[in-house]
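Read the structure below first, then the notes.
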Amino acid sequence: MRELFNKYKIELDENEYKLFETFLKIFKEKNSQINLSAIRDDNWIIEKHFVDSIMLNVFVELHWKVADMWTGWWFPLVPLAITNPEVTFLWIDSVGKKLKAVDEFVEKLWLKNVKTLNWRAEEIWQNLDYREQFDFVTSRATAYFPTLLEYVIPLLKEWWIFVAYKLDDKEELKSAKKALSRLWAKILKVKNYRVASQDRTIVLIEKISKTHLKYPRKVWVPLSNPIK
């Protein structure tokens, strides 16, 4: 594990290494029970899940409150929580079994900075306890960009950052132009990197003004009719 983190010039302290070793063990155990991921080799799990998740730390210093949306089976949530213990993370998903598994991992890793919320995206954003209350929002390998933006931008405070983990797809990035305009956001930076022989991208999007209350639209509309 140390060799793989060193390969990507990622520095961890001894406690973080121990947490990742424990996480690898319990992730594999859980994966054998409910098939969380097709990736089962230790090295592939470390590179494609652990390393890819915390590459964000190379580009951004996270602060205060972070919401993580739907991301595939606890990535980047758990690795980011391990490496940013001073930051508060909220993981949001409508699938109860995912949330239950996250809670199990968090408990076994003694992570005090993670909470979970079982709610649909289209509904939570109209709740003022969550709308425009977060400094960062992250999402990894989830929806088509225009759809994703409509769901996540309403969560952000003004002038704070949405982090999208994506494959290197310039056409998908172009497709977000109109959605960014409608949602009062702009691309701040695009950071390209390579993990496990795959070209990856982290897109940093800044919210520049309050989101109109009509966004996000009603259930399934952002998915079936994205802004474009």
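Residue under question is Lys108, and the condition is that it be of a type in the set (D, E, K, R), in contact (Cβ under 8 Å) with a residue 12 or more places away in the chain and within 24 Å of Val219 (Cβ to Cβ); does it hold?
So Lys108 does not fit the description; no.
Output the qualifying pairs, or none if there are none: Cβ atoms under 6 angstrom, residues six or more apart or on different chains, first residue in region 6-30 and over 16 Å from Asn84 (Cβ atoms), second residue assigned to a helix (DSSP H, G or I) and of a type outside the set (Asp, Glu).
Here the result reads Tyr8/Val51; Ile26/Lys108, each pair linking region 6-30 to a residue that is assigned to a helix (DSSP H, G or I) and of a type outside the set (Asp, Glu).
Restricting to helices (runs of 4 or more DSSP H) lying wholly in region 1-48: which have 2 or more residues that are surrounded by fewer than 16 Cβ atoms within 10 Å (Cβ to Cβ) and at pLDDT 90 or above?
Where helices (runs of 4 or more DSSP H) fall fully within region 1-48 and carry at least 2 residues being surrounded by fewer than 16 Cβ atoms within 10 Å (Cβ to Cβ) and at pLDDT 90 or above, they are 14-34.
Kindly list the number of the only condition in (1) crowded, with 22+ Cβ neighbours inside 10 Å; (2) in a strand (DSSP E or B) that fails for Tyr151.
Here Tyr151 clears every test but (2).
Quick one: His212 ticks every box in (1) in a strand (DSSP E or B); (2) surrounded by fewer than 15 Cβ atoms within 10 Å (Cβ to Cβ) bar one, so which box is it?
Of the numbered conditions (1) in a strand (DSSP E or B); (2) surrounded by fewer than 15 Cβ atoms within 10 Å (Cβ to Cβ), the odd one out for His212 is (1).
Looking only at region 154-166, decide whether some residue is on the phi > 0 side of the Ramachandran plot, in contact (Cβ under 8 Å) with a residue 40 or more places away in the chain and among the aromatic types (Phe, Trp, Tyr).
yes
Just to be sure I understand, how many residues within region 75-103 are surrounded by 18 or more Cβ atoms within 10 Å (Cβ to Cβ) and either of a type in the set (Asp, Glu) or touching a residue at least 40 places away in the same chain (Cβ under 8 Å) (or both)?
Looking only at that region, the number is 11.
Quick one: would you say Leu204 is touching a residue at least 24 places away in the same chain (Cβ under 8 Å), of a type outside the set (D, E, K, R), surrounded by 13 or more Cβ atoms within 10 Å (Cβ to Cβ) and out of contact with any helix residue (DSSP H, G or I) (no Cβ under 8 Å at 6 or more places or on another chain)?
It is false that Leu204 is touching a residue at least 24 places away in the same chain (Cβ under 8 Å), of a type outside the set (D, E, K, R), surrounded by 13 or more Cβ atoms within 10 Å (Cβ to Cβ) and out of contact with any helix residue (DSSP H, G or I) (no Cβ under 8 Å at 6 or more places or on another chain).
May I ask you to say which residue of Val195, Val219 is of a type outside the set (S, T, N, Q), exposed (fewer than 13 other Cβ atoms within 10 Å of the Cβ) and in contact (Cβ under 8 Å) with a residue 60 or more places away in the chain?
Criteria check complete, one pass: Val219.
Condition check ((1) among the acidic types (Asp, Glu); (2) closer than 30 Å to Glu47 by Cβ) across all residues:
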{"site": "Tyr144", "(1), (2)": "no, yes"}
{"site": "Trp160", "(1), (2)": "no, yes"}
{"site": "Tyr165", "(1), (2)": "no, yes"}
{"site": "Glu171", "(1), (2)": "yes, yes"}
{"site": "Lys178", "(1), (2)": "no, no"}
{"site": "Leu188", "(1), (2)": "no, yes"}
{"site": "Ala196", "(1), (2)": "no, yes"}
{"site": "Ile205", "(1), (2)": "no, yes"}
{"site": "Ser224", "(1), (2)": "no, no"}
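What are the residues in region 154-177 that are of a type in the set (A, V, I, L, M, F, W, C), surrounded by fewer than 17 Cβ atoms within 10 Å (Cβ to Cβ), under 13 Å from Val203 (Cα atoms) and more than 16 Å from the chain's Cα centre (by Cα), if any?
Leu173
The values are calculated or read from the model by the stated rules, or taken from the named source; none is laboratory data. Just so you know, these numbers come straight off a predicted model, no measurement behind them. Note that each Cβ is placed from the backbone with ideal geometry, even for glycine, and that neighbours are counted across all protein chains shown.
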